[in-house]
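What follows is one structure encoded as structure tokens, with my remarks underneath.
Every number in this text was worked out from the coordinates using simple rules, so none of it is lab data. None of the values given here were measured: they were computed from a predicted structure. Because the Cβ atoms are built from the backbone with ideal geometry, glycine has one as well, and the counts that use them run over all protein chains shown.
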Amino acid sequence: MTSEGAATGLPDGTAGPPLARRAGTGVVGPQDAAGPGWVVPDLRDPVRTIGRRSFDFDHRIAVMAIVNRTPDSFHDRGATFELDRAVAAAVRAAEQGADWVDIGGVKFAPGPELPAADEVDRVVPVVEQLAQESDVTISVDTFRPEVAAAAIAAGASVVNDTTGLSDPRMAAVVADSEATIVITHSLAEPRRPLAAPPQYDDVTASVVGFLRERVDRALAAGIPESRIVVDPGHDLNKNTVHTLEVTRRLPEVVALGYPVLAAVSNKDFVGESLGRPRGERLAGSLAVATVSAMLGARIIRMHDVTESVDAMRMVEATLGWRAPVEARHNT
């Protein structure tokens, strides 16, 4: 964890701006900042090896690319459903600079039931082929323990569970492996709609309380702190107003002390905030990804890889964590 008065380190070994802890937040920011400023998480185990790559989340924002082997994905409408297209998209994402590739075989949103064996058949071949082609960190987006186990055996090193360990067997599967778990806030059963519109007295407090309880569940199952990531679940069982509030108050999620994943790409809260249909949400997605990173998120889940990598590398350069590729202007 970062101590008060410590300095951020730049890639060349020099010191960045000094940091000071903000009371009650569990986060630190520049000592001379006026107002909220930017947020540096006070993380448990900020330096982690996940799969075949290492991440220093004190000075790095990872970009997680999305590859869906589903015929009904809300964004790509089945564009990568065929195996060869899914593999090509995953390899291309790694070549474009993605740090992680998240592979899903069934969407969380309401839809017809898909047997677990069919989900395994969708995701495992992509995991296997991507692991042969690249050292990129591979995650599997699933809520089923049997799918997670098969994907881990095939080469995945992260389980992205959008139900937040609702099935206790998932925690056991992850604990028995070397995989990292992403614990996401959501309330509905996967593939089923909520019985009524979501209601919260305090949406962010509810998210934080849920995540804290599910982290405790993971720890009790034997998953170490160094293999836990949390996700506030943008748009999952939340309306646009809820999701915008959770985003503004992201430092409260960051204060849990685990790397925060922000899955914001092309979601309905972006479209409704801007009045933009699907296919016209890139600028809004990049804006909210940047805001999330500045507020402490350390993994950004995005569809448009090249643009997202550039945006996060620019955030890192602005915060003094990354030297410019060139520094010739006015020299």
Counting only residues 5 or more apart in sequence or on a different chain, those whose built amide H sits under 5 Å from that of Ile183 are Val229, Val230, Asp231
Given the candidates Val123, Met64, Val264, the one whose Cα lies deepest towards the positive end of the charge dipole of segment 60-318, counting +1 at each Lys or Arg C-beta and -1 at each Asp or Glu C-beta, is Val264
CD proxy, 222 nm, the chain: helix-only mean residue ellipticity via -39,500 (n - 2.57) per DSSP H run with n ≥ 4, per residue, nearest 500, stands at -11000 deg cm²/dmol
Treating only Lys and Arg (+1) and Asp and Glu (-1) as charged, each at its beta carbon, one finds that segment 60-318 has a dipole about its Cα centre, in Debye to the nearest 20, of 480 debye
Assertion target for His303, His329, ordered by fewest C-beta neighbours within 10 angstrom first, is His329, His303
Dipole check, the chain, charges on Cβ (K,R +1; D,E -1), about Cα centroid: among Leu114, Ser226, Leu83 the Cα furthest to the positive pole belongs to Ser226
Lys and Arg at +1, Asp and Glu at -1: neighbours of Arg53 with Cβ under 13 Å from its Cβ sum to 0
To the nearest 0.05, the calculated FRET efficiency linking Gln132 and Glu213 through their beta-carbon distance, R0 being 45 Å, is 0.70
For Thr331, Thr70, ascending order of other Cβ atoms within 10 Å (fewest first) is Thr331, Thr70
So the FRET efficiency between Glu272 and Leu187, C-beta based with R0 = 22 Å and rounded to 0.05, is 0.65
Protection proxy (average C-beta count within 10 Å per residue), highest first, orders 50-57, 294-301 as 294-301, 50-57
Here the percent of antiparallel bridges among DSSP beta bridges lying wholly in the chain, to the nearest 5, is 30 percent
So Ala287 and Asp45, fully extended at 0.36 nm per residue minus their Cα-Cα distance, gain in nm 84.3 nm
Two pseudo-spin positions, 7 Å from Cα along C-beta at Ala153 and at Leu194, lie apart in nanometres by 3.7 nm
The relative contact order of the chain, taking Cα pairs under 8 Å that sit 6 or more residues apart, comes to a percentage of 19 percent
Here the gain from full extension of Ala323 to Asp201, 0.36 nm per residue of separation minus their alpha-carbon distance, amounts to 39.5 nm
By Cβ neighbour count within 10 Å, fewest first, Ser265, Ser177 rank Ser177, Ser265
Reviewing (1) 2.00; (2) 1.54; (3) 0.95, the figure for Cα Rg over 2.2 N^0.38 Å actually calculated from this model sits under (3)
One finds the C-alpha centres of segment 160-176 and segment 198-250 to be spaced, in Å, by 15 Å
